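Report on one structure; see the data block that follows.
The values are calculated or read from the model by the stated rules, or taken from the named source; none is laboratory data. Bear in mind the structure is a predicted one, so any value in this text is a computation, not a measurement. Here the Cβ positions follow ideal geometry from the backbone for every residue, glycine too, while neighbour counts run over all protein chains shown.
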Amino acid sequence: MKDVNLKVRIAGVDFQNPVFTCSGTYGMGQEYGELIDLSKLGAVTTKGIADVAWEGNPAPRIWETPSGMLNCIGLQGTGVEVFCQRDLPFLREAGCGVIVNVCGHTNEEYLRVVDRLAEEEGIDLLEINISCPNVKAGGLSLGTDPKLVEEITKECKAHAGQPVMMKLTPNVTDIKEIARAAEAGGADAISLINTLTGMAIDIERQTFRLSNRTGGLSGPAIRPIAVRLVYEAAHAVQIPVVGMGGIASAEDAIEFMLAGARAVSIGSANFWDPQVTLDVIDGIRDYLVRHGIDDVNDLVGAVH
Ligand SMILES: Cc1cc2nc3c(=O)[nH]c(=O)nc-3n(C[C@H](O)[C@H](O)[C@H](O)COP(=O)(O)O)c2cc1C
């Protein structure tokens with residue numbers, strides 16, 4: 001088969017292909033490493049890492065919806081120290097890119113994680129999740145206020161030992177304004193979308209389906225919204241965009257790249273098909289050959 005280039009460069013980092021995994025849907029990679037060859041992926045993105053252990057929300061915290069799911073896991077995790085000692089050594093040896101997703105309730109919490117990760121080798125990119133409920137934003141996410149987005153981006157950049165990618169929430173009126181705020185704060189890249197806030201009610205028991213009442217909607221149901229938001233954000237900034245939201249096939253991934261994403265991440269689809277990332281890589285290669293395109297980068301933003 002004709003040789004095509006799948007390599008992409010994001011924030012000065014070269015990834016062997018543009019297919020990553022979404023934070024929170026891939027653990028720290030270990031379990032999926034028993035099912036697929038992780039060294040074939042562009043990158044694995046870790047579950048959100050906080051400064052200390054977070055318990056997460058009580059059950060029930062997953063509810064299946066038409067073509068999607070609601071979750072309120074609540075960023076459960078062991079904290080940055082356990083991550084660095086227990087999980088990072090595995091990822092360093094996995095042979096793919098490593099993106100570490102960072103979360104916090106306050107700027108100080110984010111910065112403690114960023115500072116600790118700056119001491120570590122083998123991390124390609126930090127992905128800062130600004131969708132977490134924030135103390136300063138009155139329990140809303142930082143990611144809904146452009147001023148707070150610019151401020152946290154600047155602070156993370158000042159502390160980071162790795163390039164910084166800000167992960168945007170879709171639960172805003174104007175994504176362009178938020179993307180520009182991240183760029184103004186010095187972000188090296190942005191990624192989107194995080195989950196859309198939703199709710200489901202059990203009509204027989206007349207109560208909420210999820211312990212937290214609301215949850216984040218993900219999966220194919222959100223894809224057209226994600227494509228639109230990636231398109232708008234990519235046209236608002238110069239920095240690279242990583243697109244995600246409901247990707248389950250090579251066709252879906254190509255749609256995001258044509259809308260302006262330089263790489264894509266796959267989340268919920270891994271739950272029903274752990275091989276999906278590898279099929280997407282192969283499918284992108286086939287598409288390029290079929291269309292006589294030598295370089296995957298030529299797809300980026302080609303529809304405008
Ligand atoms: C169970 C679950 C846990 C998630 N945890 C995180 C997280 O820790 N940090 C984060 O930035 N996004 C998290 N997300 C959001 C995903 O990374 C992704 O942005 C979203 O699910 C859209 O992609 P998808 O439709 O392919 O799943 C989580 C999503 C799911 C379904």
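Assorted remarks:
- Only one of the listed residues (Val98, Val102) is modelled with pLDDT of 95 or more, within 14 Å of the ligand (Cβ to nearest atom) and not polar (S, T, N, Q). That residue is Val102.
- Count of residues meeting criterion [part of a loop (DSSP other than H, G, I, E, B) and surrounded by 15 or more Cβ atoms within 10 Å (Cβ to Cβ)] in the stretch 1-26: 11
- When Val52, Val44 are checked against the criterion of being assigned to a strand (DSSP E or B) and at negative phi, a single residue qualifies: Val44.
The rows are residues; the columns are (1) assigned to a helix (DSSP H, G or I); (2) more than 19 Å from Gly12 (Cβ to Cβ); (3) among the hydrophobic types (A, V, I, L, M, F, W, C).
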site: Val82; (1), (2), (3): yes, yes, yes
site: Asp87; (1), (2), (3): yes, yes, no
site: Arg116; (1), (2), (3): yes, yes, no
site: Gly122; (1), (2), (3): no, no, no
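- All positions within the stretch 27-41 that are within 16 Å of the ligand (Cβ to nearest atom) and either aromatic (Phe, Trp, Tyr) or part of a loop (DSSP other than H, G, I, E, B) (or both): Gly27, Met28, Gly29, Tyr32, Leu41
- Listed by position, the helices (runs of 4 or more DSSP H) enclosed by the stretch 173-275 that each have at least 1 residues that are within 15 Å of the ligand (Cβ to nearest atom) and either among the aromatic types (Phe, Trp, Tyr) or on the phi > 0 side of the Ramachandran plot (or both) are 250-259, 269-272.
- Selection within the stretch 86-142 - touching a residue at least 60 places away in the same chain (Cβ under 8 Å) and over 23 Å from Ser265 (Cβ atoms): Arg112, Arg116
- Residue pairs meeting the criteria (Cβ under 6 Å; at least 6 apart or on separate chains; first over 24 Å from Gly29 (Cβ atoms) and modelled with pLDDT of 95 or more, in the stretch 48-73; second aromatic (Phe, Trp, Tyr) and not in a loop (DSSP other than H, G, I, E, B)): Leu70/Trp63
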